[in-house]
Amino acid sequence: MVEFALILPVLIVLVFGITELGRAIYQQNSLSKSVASGVRFLARYNGLLDLDDCSQTAAWGTATGYAANLVATGKESGAADALLPGLVAADVTFSLDPANSNDDIGCVIQGQATVAFVSIFGDSVVPLLNLGPLNLTATSEERYHGE
């Protein structure tokens, strides 16, 4: 019985650590898929870019707003709960890849989102070490089709 009392705190920390790691991996995967969906939405948005020089058209601002809402909430309108705790449309950015835009590759749209991981232990993933917050970041890029 004494041995169990000595091992129990270590086992509890181990179980909670594995749980937190699983939550972090799940949230990172959700963020990555969400950003890829937003970039895919823009890559197929008709009239978003001028295909001659890969410049943005007047529709860029509206379309990126819809795509940012799609990444943050799963809906173009943004009228839904956040897909991840703390994720808002302002955390999502979209841009054109200038290195590839004028090559034979075509116009390449990039997207990125960063959100702080919310741990069940508070601000730090490992509270005793005081490591600070952990940020989850996802990026994606896709060639513009404009279907």
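Just a few scattered comments:
- Pairing each residue of region 53-76 that is within 15 Å of residue 95 (Cα to Cα) with any residue that is surrounded by fewer than 15 Cβ atoms within 10 Å (Cβ to Cβ) and aliphatic (A, V, I, L, M), provided the two are 6+ apart or on different chains, yields C-beta distances under 8 Å for 68/90.
- Close contacts from region 30-41, counting a first residue that is closer than 11 Å to residue 112 by Cβ and a second that is at pLDDT 95 or above and assigned to a helix (DSSP H, G or I), with Cβ to Cβ under 7 Å and a gap of 6+ residues or different chains, come to 35/71; 38/67; 38/68; 38/70; 38/71.
- Within region 1-47, considering residues that are in a helix (DSSP H, G or I) and touching a helix residue (DSSP H, G or I) at 6+ places or on another chain (Cβ under 7 Å), the one surrounded by the most Cβ atoms within 10 Å (Cβ to Cβ): 38
- Among the numbered conditions (1) touching a Leu at 6+ places or on another chain (Cβ under 7 Å); (2) over 30 Å from residue 106 (Cα atoms), the only one that residue 3 does not meet is (1).
- Pairs linking a residue in region 82-95 that is more than 17 Å from residue 120 (Cα to Cα) and free of Cβ contacts under 8 Å to residues at least 40 places away in the same chain to a residue that is of a type in the set (A, V, I, L, M) and not in a strand (DSSP E or B), with Cβ atoms under 6 Å and 6 or more positions apart or on different chains, are 82/72; 88/72; 89/68; 89/72.
- Extreme residue, nearest to residue 28 (Cα to Cα), among residues of region 55-72 that are surrounded by fewer than 20 Cβ atoms within 10 Å (Cβ to Cβ) and not aromatic (Phe, Trp, Tyr): 65
- Residue list for region 42-52, restricted to those being more than 17 Å from residue 112 (Cα to Cα), in contact (Cβ under 8 Å) with a residue 40 or more places away in the chain and not hydroxyl-bearing (Ser, Thr, Tyr): 44, 46, 47, 48, 49, 51
- Flag: residue 119 does not match the condition of being in contact with a helix residue (DSSP H, G or I) (Cβ under 7 Å, 6 or more places away or on another chain), modelled with pLDDT of 90 or more and surrounded by 16 or more Cβ atoms within 10 Å (Cβ to Cβ).
- Flag not set for residue 13, criterion: within 20 Å of residue 139 (Cα to Cα) and among the β-branched types (Val, Ile, Thr).
The values are calculated or read from the model by the stated rules, or taken from the named source; none is laboratory data. Every value quoted in this text rests on a predicted model; they were computed, and no experiment measured them. Reconstructed Cβ throughout: ideal geometry from the backbone, glycine too, with neighbour counts over all protein chains shown.
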